[in-house]
Structures are given as structure tokens and as C-alpha cells.
Amino acid sequence: MIHNAFLNPFDSTVYHWINGLAGHSHLLDVVMIFFAKDALEIYAVLFVVAWFALPKKDIQHRHALVVAGFSGILALLINVVISHIWFRPRPFTVFHKGTFTQLVPHSADASFPSDHASGSFGFAAGSWGHNTKWISHTFTVIAVIVMFARVYVGVHYPTDVIGGMIIGIVAGKVMWKFQRLLFPLTSFVAKVFKLGPTAKVAKHARSSTRSM
């Protein structure tokens, strides 16, 4: 494993600028802590809400949700591989006490890339161009807030979350290359909840999915 504690001027400057906002507004701190800690739970709720909010017969957009979910999972798996090859210490283990504000406790594991940013952008990127605007836009806005929040609370460098964003986007693109493999899962779950089109319409939907 490669250990790298090198601190570049960009990370140092932007980290202190964003993290310097912490501790001045209780309301803002609470909001940022919420998004920094509970991003995956937020997306879990959104996936469930979106799944049941879509029109009953809409199989294609439900399939896009499934692909987006697996995009986030793939992004996290990529992070595991990277963190076992290259270790970057957390900013709160590098900067001197008193020069930063850490709002949430965190283990001193690998800082790069950010799991929260990777997973969030995996979910968002997996929905781009394939789902309704209210779903893809909501996923993306939350992903951006999560990126900012992870630096705000003091547990990531800016390039940690930027790297996570890139990994999430790549994961989303990759998953859509293999989306056909996930369609049986989409169909099965939809049938469990008595959602999706009739058999005749489902055949048409599969043909449409193949053209994605």
C-alpha cells in the first residue's frame, strides 16, 4: 500500500475556506452534519419514494432506478480497491488542532476517495438521461450538497470528494453498459409489488430497454 500525506495548495486553501464556515451557524452546522453523515440513508428513502411515486405501469424509469442503485454500489466497490492501494490520511490527522473544525467523529481510515461522494454521484449519474427530471435533478443536488458537507464537517479534502464524484460518474456510465443484465431484477421486483405493465406491454418495454 502506498501512503501519501502530501498536501497540495489547492486542498489546503479550499479545505480551510469551506471548513472555516463551520461553527458559526448552528442551523447550517446541523444541516451539513445531516447530509455528511446520512447521505446513504437519504438516498435509500428517495429510492423507495421514487419507486412508488412513478406511474404504476412505468417499468423503464423503475429500471433506471435499479441501474442507479447498482451504479452507487459499483462506485463504492471501486473505492475499496483504491483505498487498499493508495492511503491518504484524513485532514484532521494532518492539520494542527485549532486550525480546523471537526463536527463529526470519524475513524482515521483512508481519506481518498470519499465514499459518500462516490456513492452519491453513482446514484445521480446512473439516473442522468434515463429517469424523470425530478428524480435525476434531486439525486444530483443532494450529491453536490454531500460533497460540500463532507469538507465542511472536516473529514475530507476537496480532492477527496472531487475524486469521489468522478468515480461515481464513471460507475454510472459503466452500469448502463450492462443494464440489460439488471432488467430481470427490475421486472421481478416490480411484479412483487404488482407494478409494471402487462405481459404484452412488458415485451414492448424490454424491446425499448434494449435500445437504450
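Tabulated values for the structure
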item: Number of the exception - PHE6 against (1) modelled with pLDDT under 95; (2) not in a loop (DSSP other than H, G, I, E, B); result: (2)
item: Matching residues in region 43-74 - criterion: being among the polar types (S, T, N, Q) and within 16 Å of the chain's Cα centre (by Cα); result: SER71
item: Residue count, region 80-112 (criterion: surrounded by 16 or more Cβ atoms within 10 Å (Cβ to Cβ) and more than 26 Å from LEU21 (Cβ to Cβ)); result: 3
item: Top-ranked residue of region 109-158 - restricted to ones that are at pLDDT below 95 and of a type in the set (Gly, Ala, Ser), ranked as nearest to VAL45 (Cα to Cα); result: GLY129
item: Filter pass, ALA149 being crowded, with 24+ Cβ neighbours inside 10 Å and farther than 30 Å from PRO55 by Cβ; result: yes
item: Boolean, LEU40 is within 21 Å of the chain's Cα centre (by Cα), at pLDDT 95 or above and surrounded by fewer than 19 Cβ atoms within 10 Å (Cβ to Cβ); result: no
item: Selected residue [crowded, with 19+ Cβ neighbours inside 10 Å and more than 21 Å from SER114 (Cα to Cα)] from VAL66, VAL49; result: VAL66
item: So SER25, is it surrounded by 15 or more Cβ atoms within 10 Å (Cβ to Cβ) and of a type in the set (S, T, N, Q); result: no
item: Filter result for ASP58 (closer than 21 Å to TRP176 by Cα and either modelled with pLDDT of 95 or more or of a type in the set (D, E, K, R) (or both)); result: yes
item: Failed item, numbered, when THR93 is tested on (1) under 22 Å from TYR152 (Cβ atoms); (2) under 21 Å from the mean Cα position of the chain (by Cα); (3) of a type in the set (S, T, N, Q); (4) assigned to a helix (DSSP H, G or I); result: (2)
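The values are calculated or read from the model by the stated rules, or taken from the named source; none is laboratory data. Model, not experiment: these values are computed from the prediction. Please note: Cβ atoms are built from the backbone with ideal geometry, for glycine as well, and neighbour counts cover all protein chains shown.
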